[in-house]
Amino acid sequence: MLANLKEDEFFFNTNMHFALLNKEIAVMIDKDNPDFDFAEKCMKALNNLSEEVIDKLCACSIKYSEDFCEMVGEEEPEVKTNRDILKYIQPGALIINADEREDYDIVLHLELNCEWEEEHGLEWLIADNEVLYVGSFNDVMPKYHGKGESWNYVTEEEYFR
């Protein structure tokens, strides 16, 4: 999976196909503590997200889009089902930092672009099949995900269309 690795100042870089969005996505592996086995596990897990995780990511992304659009006075993305929000999201990068692992086997830290917030984009953080963070890209770590905070759109309430 880790074919064509390139190195820059901070990362080992490659690309992979992200099945959920049917696009190529950059994979950035932190050079300070590279763990290529962990990276491969995360890359494989990204393309094997459960339906429950995908639904939660979509529902939380919709909440983020609605809140942001209301705040700036813009029209919300038009969605009839939760998965419709995916039309407004473009993949950026899967960030692999072995230091983020802490007590998790898999950490999926995604930087994405979204049509409703072009400046800060969108971030998804999933650890061992639990959605920890959805919101503006803040480079959130699993340990400090802010679940329950107003800036993290992951809530315990269900929000499915």
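Table for the structure above
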quantity	calculated
Cβ-based charge dipole, the chain, positive-most Cα from PHE11, ASN48, VAL79	ASN48
Estimated Rh, the range 75-161: Kirkwood, alpha-carbon pairs, angstrom	13.7 Å
Length-normalised contact order for the chain - Cα pairs under 8 Å, 6+ apart - percent	20 percent
Net charge dipole size for the range 6-144 [Lys, Arg +1 and Asp, Glu -1 on Cβ; Debye, nearest 20]	500 debye
Packing-based order for 24-30, 6-12, using average beta carbon neighbours within 10 Å, highest first	24-30, 6-12
Three-way shape label, the range 1-94, alpha-carbon gyration tensor, a/c 1.5	prolate
Rounded to whole Hz, the Karplus (6.51, -1.76, 1.60) HN-Hα couplings of the range 88-94, x for glycine and proline	9, 10, 10, x, x, 8, 9
By average C-beta atoms within 10 angstrom, highest first, the peptides 101-109, 117-125	117-125, 101-109
Cα-based Lys pair tally, the chain, threshold under 25 Å, eight or more apart or on separate chains	28
Residues ILE54, ILE126, sorted so that the one with the fewest Cβ neighbours within 10 Å comes first	ILE54, ILE126
Burial ranking of peptide ranges 74-83, 38-47 (average Cβ count within 10 Å, highest at the top)	38-47, 74-83
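Rule-based calculations on the coordinates, nothing more; no lab input. Here the structure is a predicted model, which is why all the values come from computation and not from measurement. Virtual Cβ from ideal backbone geometry, glycine too; neighbours counted across all protein chains shown.
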